């Protein structure tokens, strides 16, 4: 996914919230931290929980299934240095939110921690 993909209207994700969207057949969690949008892989590496439907507290998004927590600004797991979600570049144009894959170095592939 090298191209920019339109995933949402800017108003769909107000400050302090997160939503889930699909971009090029990949689930993406879009989070709004104090007016700044961030996007990470939307499937928790633990058991595939929907991160975008989890609770956002500051910059930390919590998986609704088992409580795994990720910093949405970096994709980093809060308690394990070896677990990191794929991040996406985010831009807003004309009220629309676009994403493309950012840093590609996801440390542990999904499913290995189940």
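The values are calculated or read from the model by the stated rules, or taken from the named source; none is laboratory data. Model, not experiment: these values are computed from the prediction. Cβ atoms come from the backbone with ideal geometry, glycine included; neighbour counts cover every protein chain shown.
Give the residue that is farthest from residue 25 (Cα to Cα), with candidates limited to residues of region 38-55 that are within 11 Å of the chain's Cα centre (by Cα) and either without any contact (Cβ under 8 Å) to a residue 24 or more places away in the chain or part of a strand (DSSP E or B) (or both).
In this case the residue turns out to be 38.
Just to be sure I understand the filter: pairs with C-beta atoms under 6 Å, separated by 6 or more residues or on different chains, first member in region 1-12 and closer than 15 Å to residue 87 by Cβ, second member surrounded by fewer than 16 Cβ atoms within 10 Å (Cβ to Cβ) and at pLDDT below 95. Which pairs pass?
1/24; 5/24
What are the residues in region 18-37 that are over 14 Å from residue 73 (Cα atoms) and in a loop (DSSP other than H, G, I, E, B), if any? Don't jump to the end; show me each part of the working.
At the first step, the residues of region 18-37 found to be over 14 Å from residue 73 (Cα atoms) are 19-27.
24, 25, listed by residue number.
Would you mention how many residues in region 74-101 are surrounded by 15 or more Cβ atoms within 10 Å (Cβ to Cβ) and part of a loop (DSSP other than H, G, I, E, B)?
The number of residues fulfilling the criteria is 4.
Which residue out of 57, 44 is buried (at least 19 other Cβ atoms within 10 Å of the Cβ) and more than 23 Å from residue 98 (Cβ to Cβ)?
Numbers: 57 fails: buried (at least 19 other Cβ atoms within 10 Å of the Cβ).
Step by step, each of 57, 44 is checked, and only 44 is buried (at least 19 other Cβ atoms within 10 Å of the Cβ) and more than 23 Å from residue 98 (Cβ to Cβ).
Just checking, how many residues over region 22-35 are surrounded by 13 or more Cβ atoms within 10 Å (Cβ to Cβ) and farther than 14 Å from residue 61 by Cβ? Write out each step before concluding.
Going residue by residue through region 22-35, those that are surrounded by 13 or more Cβ atoms within 10 Å (Cβ to Cβ) are 23-24, 26-33.
From the residues that got through so far, the ones that are farther than 14 Å from residue 61 by Cβ too are 23-24, 26.
Residues in region 22-35 being surrounded by 13 or more Cβ atoms within 10 Å (Cβ to Cβ) and farther than 14 Å from residue 61 by Cβ: 3 in total.
Restricting to region 59-95, name every residue that is in contact with a helix residue (DSSP H, G or I) (Cβ under 7 Å, 6 or more places away or on another chain) and in contact (Cβ under 8 Å) with a residue 40 or more places away in the chain.
Residues satisfying the conditions are 61, 92, 95.
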